Amino acid sequence: MPTIGPRIRELRQTRGLTLEQVATDTGLSLSFISMLERDKVSISVDNLERLANYFQVHMVHFFRSETASPVQVTRRDEIVKNLGLTSHGPAAVTLLANRPDARMEPLLINIAPGKEEPHFRQHEADTLLYVLEGQARLVSEAGEEIELAQGDLAYYVNIPHRRVANASSEQHLLIISITSPQTSSLDELLETRQGSWVMSTHK
């Protein structure tokens, strides 16, 4: 699996950028970026996030293996397996497509009965939600609540920030969320590399 340095160099070169330009634009030193591209230094999560934002890619781009086909498929068996992760937390998330050039982040979110996403989504982007199973409640920081039933679709800009709650105390809630990268928490980066993670109640 390629290391972080060559991936950063590839992003820079495909965009026609010099080391000096990247250093100036990101606030990172020229020598640091040069050594980073050669895997001579390590990088903090904060600086990696800065580079991901600069190159407009999802952070998992720096860790994923090469994709042989331009079409990425997430098989049903993998999705079903990941749905069981809610036994370890209020909600489980599966990143359905993990590509370095992704312009959208499709997430499959499974929320346990009577539970909700632990935190408001801080990603200020257009968001599309589709309820596959169950009953959802879309809650905003401003206190607005919108009920969604199975088959309903909601489209909004995430300002004010919102989170999703399971409106049923008996049935799991299963939704598809599509937005632009990157919405996953830095605390969940390691799990995101594997494509799935459990939402934690701490920040």
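The values are calculated or read from the model by the stated rules, or taken from the named source; none is laboratory data. Predicted model only: the values in this text are computed from it and were never measured. When we count neighbours, we look across all protein chains shown, and the Cβ atoms used for this are built from the backbone with ideal geometry, even at glycine.
When N47 is tested against the conditions (1) part of a helix (DSSP H, G or I); (2) more than 11 Å from F62 (Cα to Cα); (3) touching a helix residue (DSSP H, G or I) at 6+ places or on another chain (Cβ under 6 Å), the lone failure is (3). The set of residues in the stretch 3-18 being in contact (Cβ under 8 Å) with a residue 12 or more places away in the chain and within 16 Å of L48 (Cα to Cα) consists of T3, I4, G5, P6, R7, I8, R9, L11, R12.
Criterion first (touching a residue at least 24 places away in the same chain (Cβ under 8 Å) and in the same structural domain as A91 (by TED's automatic domain parsing)) does E117 satisfy it?
yes
A count restricted to the stretch 5-44 and to residues that are of a type in the set (K, R) and either touching an Asp or Glu at 6+ places or on another chain (Cβ under 7 Å) or outside any helix (DSSP H, G or I) (or both) stands at 4. Looking at the stretch 88-172, the strands (runs of 3 or more DSSP E) lying wholly inside it that each contain 3 or more residues that are surrounded by 14 or more Cβ atoms within 10 Å (Cβ to Cβ) sit at 91-95, 105-111, 126-133, 136-140, 162-166. Counting the residues of the stretch 61-98 that are under 29 Å from A165 (Cα atoms) and at pLDDT 70 or above gives 18.
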